[in-house]
1. Please compute, over every Cα-Cα pair in the range B:138-257, the percentage with a separation greater than 20 angstrom.
2. Which net charge results for the neighbourhood of residue B:193, defined as the other residues with beta-carbon distances under 13 angstrom from its beta-carbon, given Lys and Arg at +1 and Asp and Glu at -1?
3. Compute the label-point distances linking residue A:487 to its equivalents in the other copies; points lie 7 Å from Cα along Cα→Cβ; give nm, one decimal, shortest first.
4. Residue separation times 0.36 nm, minus the C-alpha to C-alpha distance between residue B:22 and residue B:538: what's the value?
5. Expressed as cubic angstrom per residue, what is the convex hull volume of the alpha carbon set of chain A?
6. Can you give the local net charge around residue A:387? Use residues other than it whose beta-carbon is closer than 12 angstrom to its beta-carbon, Lys and Arg +1, Asp and Glu -1.
7. Determine the relative contact order of the range A:410-480: mean sequence separation of Cα pairs under 8 Å and six or more apart, normalised by residue count, in whole percent.
8. For the ranges A:429-442, B:445-458, what's the packing order if you count other beta-carbon atoms within 10 Å of each residue, average per peptide, and put the highest first?
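The numbers here are math on the coordinates, done by the rules we state, and not lab data. Because the structure is predicted, anything quoted here is derived from the model rather than measured. We place every Cβ from the backbone using ideal geometry, glycine too, and count neighbours over all the protein chains shown.
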Protein chains: 2
Amino acid sequence: MPATPPPGKTVPGDLEIARQAVMKPISDIAAAAGVNDEAVEFYGRYKAKIDPAKLMTPARSPGKVVLVSAMSPTPAGEGKSTLTVGLADSLSRAGHKVMIALREPSLGPVLGMKGGATGGGYSQVLPMDEINLHFTGDFHAITSANNALMALVDNHIFQGNELGIDPRRLTFKRVLDMNDRSLREVVIGLGGPAQGVPRQDGFDITVASEIMAVFCLAADLADLRERLGRITFGYTYDRSPVTVADLGVQGALTLLLKEALKPNLVQTIAGTPALVHGGPFANIAHGCNSLIATQTARRLADIVVTEAGFGADLGAEKFMDIKSRVADVAPSAVVLVATVRALKMHGGVAKDNLTAPNVEALAAGVVNLQRHIRNVRKFGIEPVVAINKFGTDTPEELDWLSDWCTAEGVPSAVADVWGRGGGGDGGDELAAKVAEAIDAPHGFKPLYPLEMPVADKIRTIVQEIYGADGVDFSVPALRRLAEIEKNGWSGLPVCMAKTQYSFTDDATRLGAPTGFTVHVRDLIPKTGAGFIVALTGAVMTMPGLPKVPAALRMDVDGAGNPVGLS
Amino acid sequence: MPATPPPGKTVPGDLEIARQAVMKPISDIAAAAGVNDEAVEFYGRYKAKIDPAKLMTPARSPGKVVLVSAMSPTPAGEGKSTLTVGLADSLSRAGHKVMIALREPSLGPVLGMKGGATGGGYSQVLPMDEINLHFTGDFHAITSANNALMALVDNHIFQGNELGIDPRRLTFKRVLDMNDRSLREVVIGLGGPAQGVPRQDGFDITVASEIMAVFCLAADLADLRERLGRITFGYTYDRSPVTVADLGVQGALTLLLKEALKPNLVQTIAGTPALVHGGPFANIAHGCNSLIATQTARRLADIVVTEAGFGADLGAEKFMDIKSRVADVAPSAVVLVATVRALKMHGGVAKDNLTAPNVEALAAGVVNLQRHIRNVRKFGIEPVVAINKFGTDTPEELDWLSDWCTAEGVPSAVADVWGRGGGGDGGDELAAKVAEAIDAPHGFKPLYPLEMPVADKIRTIVQEIYGADGVDFSVPALRRLAEIEKNGWSGLPVCMAKTQYSFTDDATRLGAPTGFTVHVRDLIPKTGAGFIVALTGAVMTMPGLPKVPAALRMDVDGAGNPVGLS
């Protein structure tokens, strides 16, 4: 989110704005959204779960999906969640019946670097403190289900190992919703014969759990149970895959997840209803909120504004090639968030110099946005560029970028939803462009057919979306390709795990590089989620804490109010 | 809880009874209990949190506390929680204004052996499935706070270790609310310089966390913050204690716990209000629900029925010597739950033969109950014996036990709250006896003064309560006693970690053994909770799963209802 307020105006901190906002009782938000009382379960005054099985909505065509994606992100921050919230508020202000579908924040990063992840400035979902902390407990339920599975697996091995599971070939890890570097690589089961079977292991952060991905792709409770049963957690001594159904615990895991699977209703500062539900990683998973939340929102609203993690090369591609194949949720419009600052960084400016006006760097960096625009068009959809305004942007820079979009033939608008709020007039022009785009003719198609061999699917993404010359598979990856073929998993789509900062697999190569090869070092079949993860470069599935973690400034004041979230 | 229904009557399974029970909306329960609307936060239809800071109650003397404790437990099960719920229902039926204060069940054992822990038969708290699974997320919040602390500690060491923490002398562990044997002894921080600092470690179950004990002894949010700050998590290279306040993260931990600290309101099958909140281990901690729940219940009701873990040698002693010193919550009556089956086991009968009538074994085993009666009297309180009736008890056995109680001069009553329910007439006689005991004169006093040296406190408990000849300290324990003295912790009360099955430190010695010595192998100062744990024998702080875990029969049916909880 923006680091400086617009000139001549002081925007208070996020927590301060959130605290001053007057929330409506969530019962009012639910009623206004058309949710019948039977389907609402309150969690405190300002949060509720909606039970899709009890939701009664009139027969109508489902709401249109607006997918908010972005150029390649930079450490400067582009404010994608802020833009998503602000755009929905602006569409609502223009008279549309709108609902937001967003991911839940992960607690680990909140305690680490971020201090919060619910939008910013005057475009936030509320209550920001509760959403950023435990919310309604969904991630805790997923952590429990994940760790129950692994306790049951290790117990099975300890109690005689009837299934013949090879402890050296377990592919599933325990998880914590915590940034905990020390748990990346561990040895467990020490202490002698009464304490388990020793083996090498590691912990991931909860959002990296396949159970999170399964949770977010399940159509309903029965489908969740099926998908959980299909998860491959390891291999036997004779190298056959072992699934959760082989162990017979898909029922228990479903039971642990049944309440969590109901989407969470909250509100924006402007009172727009938002379903905030699920939150898989955008590298080793598909990076968007639960399918159930998206579909529930579509039953209630005409326009559903949703977001996919990282840049459009990752988030949007996965939304199109993974999520939109599981259910008919293809977007009617795709918004690409771009900022002057980030484009200057792609044009070669160092992070510390981004506030200095520099149209030349902007012109050099815009190739990054250009490739993302080209990519979205490959799915049969014309994007809208949202120029997310920061206080340090000059009129010259903003004009240059708008003019460039016009020349490129892509609709665009400058939005100031952080400083003025989508509920104010900060996103009116953007909302108008997006509404036009929704109604424009478009013909969605995924990038590749499922029957294509896995290696070719990867090659297609790498060449068509990243702009690479080709792909290079490591020896282990080639071996894994053969295994995938043998186990009958070739028909699954691919989920690329690549750095979000570059089209290449090298985070330092900004802009729109050409003449490169992407290196796939390993593949992980996620048979419950239903995709094959391709690992390129180093992929972090358990973050660490910084030297001065955000937790050090967090507290509760004398009146019981939160301190130090942002 | 009883394994067989009373003769001539079939009592359905717990989950079946719970499902058939018609719950009132929790708003009705709250209103009937005298809770003002501002203090209620709903969690679904049948659970709510009560905010003590917003609770408005008339000035009156606080409700009287009835502590339900027991003879030394056996694997046969004595039904203490069932009796607690049933007694409260019966007191309510007799016209008293009653509230229950109970511990929350831990998820790990639910998935392992127990399948549930919310009472049984017709004496249950509801909704049993939700209480047994994630409930309102309190234990997850405690798990998060505990693991945030340890991630921050290991990060501090990794980032330069300014405090000089010795990684070999950390006394705090990570926790999971899971029975996970393989995590008892682990090595973490492997993988090279970027992945942390390698060290030997282990995981406990969440209920064993000192944060759980702190949570359950805190008077309010400010006191919680103070206590968290006082937790000693390890020692420096020069052997000085390092606290959470030294690390500066007591604020963040408090923030993670602030919603969880509000007690949870639910109802019994008979509609009696119950606060189910917190649940520390009864061995390495004090084993009863949160102080805040007890005190909140006392603001609302004339009689608060609460329970302490294990037999009276552990649970009741700690209630008197730890919890009742933190706040003025000394019981006005103590109920000792006894069963014919368990007494026969203490009289030498094997577990498989308990259904055969055997007055001789009963007479031999009653010495166990006798010692517990004597012990309760040492605190200045006259106990009431609750004979919890099982279907296999014969009239001769029940009469013999009642007559024995009369001869012993202790009030007693046979209760059938499992089969007939406290809301029925199953506990009427017991309720009358308990009401009498509350009004009888009694003068509570703890067993030992705080200024007594720690070794003498332990010797006092061991001789006065367990009936031992004396105590024997290991060499490490003696070293620790000196450290405790040096660090100024001698004024803390003692928390004995001993097997619950025997007065001795050997689980196989039933009845009322004499001529034994208790061996203290180590001491753990819990400076946040405010007690010194004395470890005797093997104390399990991370349970394992059995060969056939309860999780294998758990599921969700086609209508989304839970299956396999009991």
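1. On the way: 2932 of 7140 pairs.
Summing the P(r) tail past 20 Å for the range B:138-257 gives 41 percent.
2. On the way: positive: A:181, A:184; negative: A:185.
Every neighbour counted, the sum reads +1.
3. For residue A:487, the inter-copy label distances come out at 4.8 nm.
4. Numbers: separation 516, 0.36 × 516 = 185.76 nm, distance 4.40 nm.
Fully extending the segment from residue B:22 to residue B:538 adds 181.4 nm.
5. Dividing the Cα hull volume of chain A by its residues yields 149 Å³.
6. Values: positive: A:341, A:389, A:433; negative: A:78, A:393, A:397, A:399, A:403, A:416, A:429.
Here the count lands on -4.
7. 16
8. Final packing ranking: A:429-442, B:445-458.
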